[in-house]
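Take a look at the structure below.
The values are calculated or read from the model by the stated rules, or taken from the named source; none is laboratory data. Just so you know, these numbers come straight off a predicted model, no measurement behind them. Every residue, glycine among them, receives a Cβ derived from its backbone with ideal geometry; neighbour counts consider all protein chains shown.
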Amino acid sequence: MALLREPLLAAARSPKLRTVAEKSRLTRPVVDRFVAGATEPDALRVTDELIGNGLYVTLDFLGEATTSLEQAGSTVRAYESVLVELAKAGSAERAEVSVKLSAIGQSLPGNGEKIALDGARRICEAAAAAGTTVTVDMEDHTTTDSTLGIVRELRADFPWVGAVLQAYLKRTEADCREFATAGSRIRLCKGAYAEPESVAFQGEAVEDSYRRCLGVLLAGEGYPMVASHDPAMIAAARSLAVRNSRTSDSFEFQMLFGIRPDEQRAIAAAGHRMRVYVPYGDEWYGYFMRRLAERPANLTFFLRSLTSK
Ligand code: FAD
């Protein structure tokens with residue numbers, strides 16, 4: 001099954017396959033296992049349900065690798081709108097947003113970084129007005145320096161902006177040291193892209209790195225966000241939290257919508273903060289294909305939906 005990871009991640013980057021899949025109505029029911037729905041009301045309904053179950057939420061308006069200024073602007077407006085609605089619904093205390101900088105223009109030629117920074121600032125202003133936070137997602141390794149640079153700039157005005165660090169990158173332990181400072185919100189994940197050995201650990205070495213990074217973050221002064229479905233990583237975080245006398249409001253666990261929902265509720269019931277990453281919108285293809293690559297067993301489920309009436 002591991003052999004399928006590379007082709008699935010390559011397919012995740014194919015615009016042609018993306019168009020075919022996104023246009024097929026048959027795929028939607030399967031995609032809905034991992035995605036809250038196509039619209040903002042879908043996202044708000046799922047947010048409400050999760051909060052009702054004692055969970056926290058981070059909403060992701062789906063999209064990545066935006067190719068036009070117009071599309072980048074409309075993604076920023078979608079975030080501004082959902083943040084207003086979260087505040088109106090009284091959910092902002094438990095629900096924030098996650099943003100991919102490539103969805104708001106980072107890879108546009110010329111001044112893409114500036115466009116993404118300006119868009120991210122607008123989203124942060126909307127989050128501040130709503131009384132919640134923003135976490136900046138991390139994409140492939142060619143964007144890490146640019147993304148962390150933008151996070152540093154945003155933090156000058158909005159110190160609560162969260163960043164994601166990926167344990168599979170060899171640089172990440174050092175990045176954890178830089179970012180484990182007071183007030184710093186860091187989501188640690190294994191990493192979801194196909195990365196070369198020159199920059200990334202492979203296989204079990206990723207888990208060793210995750211444990212080392214957890215050690216740095218939980219011993220540090222910041223607010224670690226432990227994003228993993230892996231029971232071994234969760235157990236490691238729990239024991240490091242005890243060793244470092246962490247209170248339950250000084251770190252949190254995070255999982256993706258639709259993955260191990262029973263465990264999400266069990267971790268919350270045990271007195272921990274558990275935040276669910278909830279994607280919504282039409283541009284589900286890249287996100288969904290990365291979930292298939294993590295667990296090719298999901299592929300059978302997906303293919304069956306394409307062939308059934
Ligand atoms: P794995 O070893 O992949 O999984 C452990 C167990 O979890 C599996 O045995 C299985 O039981 C279950 N599981 C895992 N994935 C699936 C799946 N797709 N379907 C069904 N069961 C599954 N990556 C980035 O590169 N950048 C980001 O910004 C980013 N943000 C994230 C935010 C959150 C909140 C989370 C939870 C993950 C994020 N990721 C991100 C993805 C992450 O990098 C991993 O690819 C993903 O979480 C799988 O790794 P794992 O630690 O869960 O362990």
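Table for the structure above
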read-out	value
Meets criteria (surrounded by fewer than 24 Cβ atoms within 10 Å (Cβ to Cβ), among the aromatic types (Phe, Trp, Tyr) and at pLDDT 95 or above) for TYR79	no
Test: residue in the stretch 183-195 that is within 27 Å of ALA12 (Cα to Cα), hydroxyl-bearing (Ser, Thr, Tyr), more than 13 Å from the ligand (Cβ to nearest atom) and outside any helix (DSSP H, G or I)	no
Some residue of the stretch 146-154 being over 15 Å from ARG187 (Cα atoms), in contact with a strand residue (DSSP E or B) (Cβ under 9 Å, 6 or more places away or on another chain) and in contact (Cβ under 8 Å) with a residue 12 or more places away in the chain	yes
Hits in the stretch 255-280 (condition: out of contact with any strand residue (DSSP E or B) (no Cβ under 8 Å at 6 or more places or on another chain), in contact (Cβ under 8 Å) with a residue 60 or more places away in the chain and small (Gly, Ala, Ser))	GLY258, ALA269
Members of the stretch 43-96 found to be polar (S, T, N, Q) and touching a residue at least 60 places away in the same chain (Cβ under 8 Å), listed by number	THR47, ASN53, THR58
Any chance ALA127 is out of contact with any Gly (no Cβ under 7 Å at 6 or more places or on another chain), assigned to a helix (DSSP H, G or I), surrounded by 21 or more Cβ atoms within 10 Å (Cβ to Cβ) and not hydroxyl-bearing (Ser, Thr, Tyr)	yes
Residue in the stretch 115-134 that is polar (S, T, N, Q) and either out of contact with any helix residue (DSSP H, G or I) (no Cβ under 8 Å at 6 or more places or on another chain) or within 13 Å of the ligand (Cβ to nearest atom) (or both) present	no
Residue in the stretch 237-247 that is in contact (Cβ under 8 Å) with a residue 40 or more places away in the chain, among the polar types (S, T, N, Q) and on the phi < 0 side of the Ramachandran plot present	no
Enumeration of residues in the stretch 149-182 that are within 14 Å of the ligand (Cβ to nearest atom) and among the polar types (S, T, N, Q)	GLN166, THR172
Selection from the stretch 155-168 of residues that are in contact with a helix residue (DSSP H, G or I) (Cβ under 6 Å, 6 or more places away or on another chain) and surrounded by fewer than 22 Cβ atoms within 10 Å (Cβ to Cβ)	PHE158
Residue count, the stretch 4-40 (criterion: free of Cβ contacts under 8 Å to residues at least 40 places away in the same chain and over 21 Å from ARG275 (Cβ atoms))	9
Complete set of residues in the stretch 180-191 that are modelled with pLDDT under 95 and either under 19 Å from GLU139 (Cα atoms) or surrounded by 17 or more Cβ atoms within 10 Å (Cβ to Cβ) (or both)	ALA180
Qualifying residue in the stretch 42-64 (condition: among the polar types (S, T, N, Q) and farther than 26 Å from THR133 by Cα)	no
Enumeration of residues in the stretch 266-303 that are surrounded by fewer than 16 Cβ atoms within 10 Å (Cβ to Cβ), within 30 Å of THR181 (Cα to Cα) and of a type in the set (Lys, Arg)	none
